[in-house]
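J.: Below is the structure I would like to discuss, written out as structure tokens.
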Number of protein chains: 2
Amino acid sequence: MSTRLMKMAENREKLIAAARKAFAEQGYASASMDSLTAQAGLTRGALYHNFGDKRGLFAAVVDQIDSEMAEYAKCIGAKASDAWSGLLAEGAAYIEKALDPEVRRIVLLDGPSVLGDPTQWPSQNKCLQSTKSIIEKLIETGTVKPVDAEVAAMLLNGAALNAALWLASSANPQVLLPKTLEAFNLLASGFLVKG
Amino acid sequence: MSTRLMKMAENREKLIAAARKAFAEQGYASASMDSLTAQAGLTRGALYHNFGDKRGLFAAVVDQIDSEMAEYAKCIGAKASDAWSGLLAEGAAYIEKALDPEVRRIVLLDGPSVLGDPTQWPSQNKCLQSTKSIIEKLIETGTVKPVDAEVAAMLLNGAALNAALWLASSANPQVLLPKTLEAFNLLASGFLVKG
DNA sequence: CAAGTGGCATACATTTCGTATGTGAAAGGA
DNA sequence: TCCTTTCACATACGAAATGTATGCCACTTG
């Protein structure tokens, strides 16, 4: 590979890393692009050349975090014994991951404001499709009632992410986590043919 | 009442009305306080005196919208024949109300970014408490399983608001609305002792 | 080796927020 | 009724941040 492209890729990675830290610590609005790029050993010139604008850099950061979350959830789900417990495990994994302050601030709080409805993001869409396909399988095997799979996936993911947001703001997340997971599983069981 | 206090109340109302429009149309970040106050026939002096800062004005707008939503949902819920269908009706009312572009932009998209976790807002908390008390009643009467009422209320509200966000971004909300309500009711039935 | 491309730095213009100061009208007492 | 005081709001100012336009130097390519 040429030296130019390698350096460019490195710089993009540096910018994303610095941006991820700044956005997580100060929030999107308060994060200064000047200090951001300086901390990466660059200037805003590199930023606007690579990502177009502040929003473009933010989108790149969100995509990175979302991909990590999706990969983790998929990995967790794959370890489950059956499809239904895999679905629940993925939901639980999402709730746990979203407790990370970084994820909370960037993806859950600032994300919708800057990028719009999360279900329309490419990254989240990937995850939704995954959940949707699991539900479709469960409907075929007669485990889950014949509901619209896309709607069901959206509702489950939304409930999980919202629960994480609530948990993170609560006084003692550690105590409430098991209760929340229990209630989440109960809620999801509404889709089962027989509870 | 004195002339001073009346004028002050009028000006506050003017500012909130103008802000509500500007925030809805341009989003929080892009809304200029200069043009905002000018459209209300005032200057930023009035704004900073009455609301402290841009965020304070935004909080006042959110509180107004949230109060309207809560009142509407409560009204809808009261018309229901029994407590359980009242709970479902309130959820449906929330979904419908959140389809309003104004509510969507201000409360669902920008709200969390500017004000933090919605479940911690005074206005939303009122609504959550209402839902929580209904669920507690349903648990006492043996209709709903003995789950943590606060967690359950949070999950239901979160799912409803998230569904509205998804619906609003979808290609044809009118077609998907009944499917979404059906799936929401199914999901909620997971809390029932027997479905 | 020479010419050209382009990734990035620099300088500039614009916009906006928040504060500090000033002013005019209403409230209250004599 | 008149004078003093208060305060709601307007005005002026300073600071900071974003996006763009321009320039430079290293790397690529023929």
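J.: Of all residues being at pLDDT 95 or above and under 14 Å from B:Cys127 (Cα atoms) in segment B:49-67, which is surrounded by the most Cβ atoms within 10 Å (Cβ to Cβ)? Just the residue, please. It would help to see each step written out before you state the result.
T.: Our first condition is that a residue be at pLDDT 95 or above; within segment B:49-67, this holds for B:49-65.
After this cut, where a residue has to be under 14 Å from B:Cys127 (Cα atoms) as well, the list is B:62-65.
On the way: B:Val62: 24, B:Asp63: 16, B:Gln64: 17, B:Ile65: 20.
Only one residue fits best here, namely B:Val62.
J.: Could you list, in sequence order, all residues of segment B:173-195 that are under 13 Å from A:Glu150 (Cβ atoms) and more than 9 Å from chain A (Cβ to nearest Cβ)?
T.: The answer is B:Val175, and nothing else.
J.: Of all residues in segment B:1-28, how many are touching a residue at least 40 places away in the same chain (Cβ under 8 Å) and outside any helix (DSSP H, G or I)?
T.: Residues in segment B:1-28 being touching a residue at least 40 places away in the same chain (Cβ under 8 Å) and outside any helix (DSSP H, G or I): 2 in total.
J.: Let me ask something else. Among (1) surrounded by 20 or more Cβ atoms within 10 Å (Cβ to Cβ); (2) more than 13 Å from DNA strand D (Cβ to nearest atom); (3) without any contact (Cβ under 8 Å) to a residue 24 or more places away in the chain; (4) not acidic (Asp, Glu), which single condition is B:Cys75 missing?
T.: The one condition B:Cys75 does not meet is (1).
J.: Another question about this same structure. Give just the number: which of (1) away from chain A (no Cβ under 14 Å); (2) crowded, with 20+ Cβ neighbours inside 10 Å; (3) within 16 Å of DNA strand D (Cβ to nearest atom); (4) in contact (Cβ under 8 Å) with a residue 24 or more places away in the chain does B:Ala46 not satisfy?
T.: In the conditions (1) away from chain A (no Cβ under 14 Å); (2) crowded, with 20+ Cβ neighbours inside 10 Å; (3) within 16 Å of DNA strand D (Cβ to nearest atom); (4) in contact (Cβ under 8 Å) with a residue 24 or more places away in the chain, B:Ala46 misses (2) alone.
J.: Would you confirm, using the coordinates I've provided, whether A:Glu102 is over 15 Å from B:Leu165 (Cβ atoms), in a helix (DSSP H, G or I) and under 18 Å from the mean Cα position of the chain (by Cα)? Walk me through it before giving the result.
T.: Values: over 15 Å from B:Leu165 (Cβ atoms): yes; in a helix (DSSP H, G or I): yes; under 18 Å from the mean Cα position of the chain (by Cα): yes.
Yes.
J.: How many of the residues in segment A:17-43 are away from DNA strand D (no atom under 11 Å from the Cβ) and crowded, with 19+ Cβ neighbours inside 10 Å?
T.: Total satisfying the criteria: 4.
J.: On the given criteria, is A:Lys132 within 20 Å of A:Leu88 (Cα to Cα) and in contact (Cβ under 8 Å) with a residue 40 or more places away in the chain? I'd like the intermediate steps shown before the answer.
T.: Numbers: within 20 Å of A:Leu88 (Cα to Cα): yes; in contact (Cβ under 8 Å) with a residue 40 or more places away in the chain: no.
So A:Lys132 does not fit the description; no.
J.: If the requirement is being of a type in the set (A, V, I, L, M, F, W, C) and without any contact (Cβ under 8 Å) to a residue 40 or more places away in the chain, which of these qualifies: B:Ala38, B:Ala92? Please lay out each step first, then the result.
T.: Working: B:Ala92 fails: without any contact (Cβ under 8 Å) to a residue 40 or more places away in the chain.
None of the other options fit; the residue is B:Ala38.
J.: Checking the structure you have, find out if any residue of segment B:61-71 is part of a loop (DSSP other than H, G, I, E, B) and among the hydroxyl-bearing types (Ser, Thr, Tyr). Talk me through it step by step, then tell me what you get.
T.: Here is the first cut: in segment B:61-71, the ones part of a loop (DSSP other than H, G, I, E, B) are none.
No, every residue in segment B:61-71 fails to be part of a loop (DSSP other than H, G, I, E, B) and among the hydroxyl-bearing types (Ser, Thr, Tyr).
The values are calculated or read from the model by the stated rules, or taken from the named source; none is laboratory data. None of these values were measured; they are calculated from a predicted model. Glycine also receives a Cβ, built like all others from the backbone with ideal geometry; neighbour counts cover every protein chain displayed.
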